[in-house]
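The values are calculated or read from the model by the stated rules, or taken from the named source; none is laboratory data. Predicted model only: the values in this text are computed from it and were never measured. So basically every Cβ, Gly included, is an ideal-geometry build from the backbone, and we count neighbours across all protein chains shown.
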There are 2 protein chains.
Amino acid sequence: MNKDTIVNRMKEEGLRLTPQRVQIVELLFELSHPTAERIYAAMIEKFPYASQATVYNTLKMLKELGLARELSAGDKSSHYEIAESEHWHFNCRACGEIFDLEANLSEPLLAVGTQRGAFQVDSYQVEFYGLCAKCRV
Amino acid sequence: MNKDTIVNRMKEEGLRLTPQRVQIVELLFELSHPTAERIYAAMIEKFPYASQATVYNTLKMLKELGLARELSAGDKSSHYEIAESEHWHFNCRACGEIFDLEANLSEPLLAVGTQRGAFQVDSYQVEFYGLCAKCRV
DNA sequence: ATAAATGCAAATGCTTTGCATTGCC
DNA sequence: GGCAATGCAAAGCATTTGCATTTAT
């Protein structure tokens, strides 16, 4: 997924390409799993009068189009990421960094999730917590 | 894990066994992955003057002792459960029910989480989202 | 031109905190 | 009796909402 894909999808939906929205999308590519607050902080450097509401509205819109994902694990505040292909996360409790991990095992995992067909799984997430390579002394 | 184990552990820690705390522990066993609000609602039937603060304080205490777990996935409000052996969850988006799933695959999953030893994994969670058997038409 | 998006501020909802009172050990 | 825990209310945060103004199309 790249910026053009997202911009095109927004056009298809008849949504307006405001500079604020474009900037938020760019920041989602630049920053690693940012919170809304983090995005807002970066935003006001270019758009001093930007509002948190715009950040939240845009993130919600991207989520609803399936272009971004909200990560609710751990912190009080959500982290966001561009909806790339399936992957998992490692959350470092020391530095707070979130690392993407390759998702292999998807199939056997889904077999458990669906209870061998009884449940319908729309999505799933795997989150690890601990210390990353740098922070483990 | 049973009630006695928890009560004994609290005694060991020199914590007071107030009737409110005991009741909250019992409710965690009775209810399925309740929220703090759900526990509070059940509590005031026996303790009409109980406060939400007590519920939150007790849940925090149980969490810190490793006796309960907080599930932050999905909803705005956290769900809680007694810290039983490793298992995963299926969250139904229709009825809101959370189902426990057996956690097999732990070892290969942890191999991914630790990045083959580079990271130190303290805990992890697997959450599935979709429709449970009853809610899928 | 016009309807959608922004910015601002107020509101909401969950959770935490401060503090006087209560009650477990 | 002493100190931790409770209940109550207020405060804190993240997020949402209402509405007048701005702006992309």
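Odds and ends about this structure:
- Residues that are more than 14 Å from chain A (Cβ to nearest Cβ), within 9 Å of DNA strand C (Cβ to nearest atom) and within 13 Å of the chain's Cα centre (by Cα) are absent from segment B:1-18.
- Residue match in segment B:101-116 (condition: surrounded by fewer than 17 Cβ atoms within 10 Å (Cβ to Cβ) and at pLDDT 95 or above): no
- Residues that are more than 11 Å from every other protein chain (Cβ to nearest Cβ), within 13 Å of DNA strand C (Cβ to nearest atom) and within 23 Å of B:Cys132 (Cα to Cα) occur at least once in segment B:91-103.
- Looking only at residues of segment A:60-90 that are within 12 Å of DNA strand C (Cβ to nearest atom) and away from chain B (no Cβ under 14 Å), we find that the one that is surrounded by the most Cβ atoms within 10 Å (Cβ to Cβ) is A:Leu62.
- Residue in segment B:28-39 that is of a type in the set (Val, Ile, Thr), without any contact (Cβ under 8 Å) to a residue 12 or more places away in the chain and closer than 25 Å to B:Gln125 by Cβ present: no
- Some residue of segment B:85-103 being in contact with a strand residue (DSSP E or B) (Cβ under 9 Å, 6 or more places away or on another chain), among the acidic types (Asp, Glu) and within 16 Å of DNA strand D (Cβ to nearest atom): no
- Close pairs from segment B:68-82: first closer than 18 Å to B:Met10 by Cα, partner among the aromatic types (Phe, Trp, Tyr), Cβ under 8 Å, at least 6 apart: B:Ala68/B:Tyr80; B:Arg69/B:Tyr80; B:Ile82/B:Phe29
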